[in-house]
Amino acid sequence: MFTAKIENSSGDMLTLTGNEPVYQVIKITGLNPPHAQINTTSIVGLDGARFNSAKLDTRNIVLTVKINGDVEANRLNLYRYFRTKEPCTFYYANDTLDVTINGYVENVECDLFTNNELAQISILCPYPYFKSISQVIADSSNVLGLFVFPFSINATDPIAFSSLQTSVDIEVYNTSESETGATIEINVLDSVSAIQLNNVVTGDTFSLSYNFIAGDKIVINTNKGQKSITLIRNGVLTNIFSALQQGSTFFQLVAGMNLFEYTANGVAASDDISILFRYYNEYRGV
């Protein structure tokens, strides 16, 4: 079983499946892995060719929907959700995956002069990967519970209910089929002037030099086409891309295990900062 939904640019959502008295999904294409472009160069005197690069094409999702009930009214209602040239979000779920993808409505074709009226809707998705509905979160710290029964309270020897444990390593397990970007949130707990993240697996580093103070939040977006470094201080957002140090790399999470270490003012796993990774699992096909 599967479910399919569409959300238009205004945030209105229409559930297509399970709504057979109004719309009956006959077919959906474009759910498989998209076509890849393989670029090669022929070399004189050598068999075959030399590989240069490869990329995935845009995804084209085409829905064929039978319009039931009050056909004219339901067709016009369908236009409200599939607005040509405008952005939309397509949701798809089956017994294994629950994913979404952003696209633009290319066209809506309806055969107005048949008894069994069908609508064929084409959605172009510039970024071809499906994303998981829920974000995955990996944190550099966790709260260790210390409050247990029985207990007694001594005014001169207070009891800790919990403690904040920091880890030298941050493990981020990416179950995507390929590498993906992430949003990295750094919460500053005490004044620091230098922060560095190290990718243990790839050897890449990401370094910032700035006068950070307690209460600052740094949001780093490493997703392709969206790279940014934003400081949030007292509710004010500031672009601090200039704080990025030479030789830094915007991390991409490889498929499988990713391991990170961090320092603040040169101190490993410093209590002066805490770090949170947020990312979506991505899939070529469903």
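Relative to the current alpha-carbon distance between Gln245 and Val201, full extension at 0.36 nm per residue lengthens the span by 13.8 nm. In sequence order, the range 64-72 has phi-based couplings of 10, 10, 8, 8, 10, x, 6, 4, 5 Hz under the Karplus curve 6.51 cos²θ - 1.76 cosθ + 1.60, θ = phi - 60°, and Gly or Pro positions carry x.
Leaving out ligands and nucleic acids, and using a 1.4 Å probe, what accessible area per residue does the range 13-123 come to in Å²? Don't skip to the answer; put the middle values down first.
Numbers: 6640 Å² over 111 residues.
That works out to 60 Å² per residue.
The calculated pair-distance distribution of the chain uses every alpha carbon pair, bins of 10 angstrom beginning at 0, and gives 6, 21, 22, 20, 17, 10, 4, 1, 0 percent.
Placing unit charges on the Cβ atoms only, positive for Lys and Arg and negative for Asp and Glu, gives the range 63-127 a dipole magnitude near 180 debye about its Cα centre. For Arg59, the amide hydrogen comes within under 5 Å of the amide hydrogens of Cys125, counting only partners 5 or more places away or on other chains and with H modelled in the peptide plane.
Of the listed peptides 262-271, 277-286, 36-45, what is their order by residue-averaged count of other C-beta atoms within 10 Å, with the highest listed first?
Working: 262-271: 16.0, 277-286: 19.6, 36-45: 9.0.
Highest to lowest by the protection proxy: 277-286, 262-271, 36-45.
Computed over the range 164-276, the percent of Cα pairs more than 19 Å apart is 43.
What does the convex hull of the Cα atoms of the range 1-74 come to per residue, in Å³, rounded to a whole number?
154 Å³
Each Lys or Arg adds one and each Asp or Glu takes one away; over the other residues whose Cβ falls under 14 Å from the Cβ of Gly11, this sums to 0. The distance between label points at Ile232 and Tyr173 comes to 2.8 nm (points 7 Å beyond Cα on the Cα→Cβ vector).
What net charge do the residues around Thr64 carry, taking every other residue with its C-beta under 12 Å from that of Thr64, with Lys and Arg at +1 and Asp and Glu at -1? It would help to have the intermediate numbers written out before the result.
Values: positive: Lys27, Lys66; negative: Glu109, Asp111, Glu117.
Summing Lys and Arg as +1 and Asp and Glu as -1 gives -1.
Amide hydrogen proximity for Val200: with H placed 1.01 Å from N in the peptide plane, the residues at 5 or more positions away or on another chain lying under 5 Å are Leu259, Phe260, Glu261.
Spin-label pair Lys224-Arg83: with each label point 7 Å from Cα along the Cα-Cβ axis, the two points sit 3.0 nm from one another. Compared with the direct C-alpha span, the chain from Met257 to Ala36 gains 77.0 nm at full extension, assuming 0.36 nm per residue. The dipole here belongs to the chain: it is taken about the Cα centre, uses +1 on the Cβ of Lys and Arg and -1 on the Cβ of Asp and Glu, and is about 660 debye. Over all other residues within a Cβ to Cβ distance under 15 Å of Asn223, the charged ones net out to +1, with Lys and Arg as +1 and Asp and Glu as -1.
The values are calculated or read from the model by the stated rules, or taken from the named source; none is laboratory data. Since the model is a prediction, treat every value here as computed from it, not as a measurement. Here the Cβ is made from the backbone with ideal geometry for all residues, glycine too, and neighbour counts use every protein chain on show. Surface accessibility is based on the protein's heavy atoms, side chains included, excluding ligands, DNA and RNA. Shrake-Rupley method; radii C 1.70, N 1.55, O 1.52, S 1.80 Å.
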